[in-house]
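Okay, so here's the structure we're looking at.
The values are calculated or read from the model by the stated rules, or taken from the named source; none is laboratory data. Nothing here was measured: the structure is a model prediction, and the numbers come from that model. In this analysis, Cβ positions are derived from the backbone assuming ideal geometry, glycine residues included, and neighbour counts consider all displayed protein chains. These accessible areas exclude ligands, DNA and RNA; they are computed on the full protein's heavy atoms, side chains included. Shrake-Rupley method; radii C 1.70, N 1.55, O 1.52, S 1.80 Å.
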Amino acid sequence: MAVKKKILVACGTAIATSTVVARKIEEELEKRGISVQLTQCKASEVPSKAEGHDLIVTTTFVSGAGDIPVIQTVSFLTGVGIEADIEKILSYIGGS
Amino acid sequence: MTDRNLQFGDLVNEDLVLDHLVARDRSDALQKMAAMLVEKGYCRETFPDAILDRERIHPSGLPMSGHKIAIPHADAEHVTSSTILFARLKEPVEWRSMGSIDDRLSVRLVSMFALKEKTLIGDMLETLITVYQHDEILDALIEAENALAMFTILKRAVQDHGVRR
């Protein structure tokens, strides 16, 4: 079994909107039979926590992500554009 | 397994749904709502400033597909007893959009989250976000006759669409 891909989910607080985003991503990927490891953090913690992750999904502007790809989106909160963002996530973590 | 509807019913009563809230702008709306939560004993005196500061750094407007909304919140340390305060503004005010601060939304529906317990924060926010992703519910809230009707719509929507884990 392949090693689970790691996604860092960031928002302003690390507990409010990122919780919702992480759960929605998990649900959407589960529907496609893909299991990932999700970690939450504050946007300001991205520089110190990014290392070792395959992707960062954030609701707010982040800097200091280095080489790790960043998807900034509120689609998982608004419901607008979720499919497109899931496709984008899959393109980075190598799902089909 | 917890009953989300019971949780919502425990947290929110009809006194926590405001209609015709008059606000000059976003800050005025936030200030009035936060002050009410302090006055009613749900939040500490530090809550209004925490809400305003958070909003400046991390805007809480959400560009839903239909009516736009705002979900202001602050850290748990400013809350003494968890609740959610809902308001329908008399006139829409301009709100900065989460994730895209240059975007300005026109917002009448504001849900102010004052939540203390970590699990509750995730559960209630996810439940209400899921509810708000249904355009027809936001339409109904905008068109509701009064605060009591809004409360009834919210309560039923949480029951029908709420997230159960």
Unique match (being open to solvent by 20 Å² or more (accessible area, probe 1.4 Å) and either free of Cβ contacts under 8 Å to residues at least 12 places away in the same chain or under 24 Å from B:Ala147 (Cβ atoms) (or both)) among B:His73, B:His78: B:His73
Please specify each residue of the range B:110-152 satisfying the condition of being within 12 Å of B:Val12 (Cβ to Cβ), surrounded by 19 or more Cβ atoms within 10 Å (Cβ to Cβ) and β-branched (Val, Ile, Thr). B:Thr127
Do you know which residues across the range A:1-22 are over 10 Å from the mean Cα position of the chain (by Cα), open to solvent by less than 50 Å² (accessible area, probe 1.4 Å) and not hydrophobic (A, V, I, L, M, F, W, C)? A:Gly12, A:Thr13, A:Thr17, A:Thr19
Out of B:Leu105, B:Leu52, which single residue is open to solvent by 10 Å² or more (accessible area, probe 1.4 Å), in contact with a Ser or Thr (Cβ under 8 Å, 6 or more places away or on another chain), within 13 Å of chain A (Cβ to nearest Cβ) and at pLDDT 95 or above? B:Leu105
Could you list, in sequence order, the residues of the range A:33-60 that are in contact with a strand residue (DSSP E or B) (Cβ under 7 Å, 6 or more places away or on another chain) and open to solvent by 60 Å² or more (accessible area, probe 1.4 Å)? A:Gln37, A:Gln40, A:Lys42, A:Lys49
Within the range B:7-37, which residues are over 18 Å from B:Leu125 (Cβ atoms), open to solvent by less than 30 Å² (accessible area, probe 1.4 Å) and among the aliphatic types (A, V, I, L, M)? B:Leu18, B:Leu21, B:Ala23, B:Ala29
Out of the range A:10-62, which residues are more than 11 Å from chain B (Cβ to nearest Cβ), at positive phi and touching a Lys or Arg at 6+ places or on another chain (Cβ under 7 Å)? A:Gly52
Just to verify a result, which residue in the range A:61-80, among those that are part of a strand (DSSP E or B) and of a type in the set (A, V, I, L, M, F, W, C), is least open to solvent (accessible area, probe 1.4 Å)? A:Ile71
Top-ranked residue in the range A:68-96 [being within 14 Å of another protein chain (Cβ to nearest Cβ) and of a type in the set (D, E, K, R); ranked as nearest to the chain's Cα centre (by Cα)]: A:Asp85
For the range B:113-165 the number of residues that are under 16 Å from B:Ser82 (Cβ atoms), touching a residue at least 40 places away in the same chain (Cβ under 8 Å) and within 14 Å of chain A (Cβ to nearest Cβ) is 13
